[in-house]
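Here is the structure we will look at.
The values are calculated or read from the model by the stated rules, or taken from the named source; none is laboratory data. These figures come from a predicted structure and were not determined experimentally. Note that each Cβ is placed from the backbone with ideal geometry, even for glycine, and that neighbours are counted across all protein chains shown. Protein only, heavy atoms only, side chains kept; ligands, DNA and RNA dropped before computing areas. Shrake-Rupley method; radii C 1.70, N 1.55, O 1.52, S 1.80 Å.
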Amino acid sequence: MTRTFWVGGNWKMNGSVASIKDLAATFNAGSSPANVEVVIGAPYVYIPLLADTLRKDWAVAGENCYVHATGAYTGEISPEMLADVGAKWVILGHSERRHILNESSEFTAQKVVKALAAGLK
């Protein structure tokens, strides 16, 4: 059985519609071996655009999610919302979320459980 490798990256709080279109065009012109899963994370507002323009053999990731599906959590995004707009993955446990926002390992674990339950990788 061939091992599948994973490679990914994200833009953090950077980007614009024009830059996402340019990057997607550059990515789409590239190649990757069949045994490599490629995942690209984008800010929430650009996920639908990236999901629509990125080659279909590569996946889109959200850069964070919250522990609830709905509710009065201003500025948060649920795993279900990410999946609804085309994300297949979510990146959790960022060092800056831990250090700047003081997110604990326990809270990160809660987010992982919620994301997996919502069908995200």
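Listed values, structure above:
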read-out: Computed [θ] at 222 nm, deg cm²/dmol, the chain (DSSP H ≥ 4; -39,500 (n - 2.57); rounded to nearest 500); value: -10000 deg cm²/dmol
read-out: Packing rank of 20-31, 108-119, where each peptide gets the mean count of other beta carbons within 10 Å, highest leading; value: 108-119, 20-31
read-out: Two-decimal log10 I(q)/I(0) for the chain, as the Debye equation yields it once each C-alpha is a single scatterer, q = 0.21, 0.22 Å⁻¹; value: -1.23, -1.30
read-out: Along principal axes, Cα extents of the stretch 26-94, largest first, whole Å; value: 42, 22, 17
read-out: Carbon and sulfur %, accessible surface of the chain computed with the full protein complex present, 1.4 Å; value: 59
read-out: Residues of the stretch 92-121 with amide N under 14 Å of the 7 Å Cα→Cβ point at Lys12; value: 94-101
read-out: Estimated inter-spin distance, Asn102 and Ala34, nm [label 7 Å along Cα→Cβ]; value: 5.2
read-out: Cβ-Cβ FRET estimate between Ala25 and Val45, R0 fixed at 22 Å, reported to 0.05; value: 0.70
read-out: In Hz, Karplus ³J(HN,Hα) per residue of the stretch 105-120 (6.51, -1.76, 1.60; θ = phi - 60°; x = Gly, Pro); value: 4, 5, 5, 4, 4, 4, 5, 4, 4, 5, 5, 5, 4, 7, x, 8
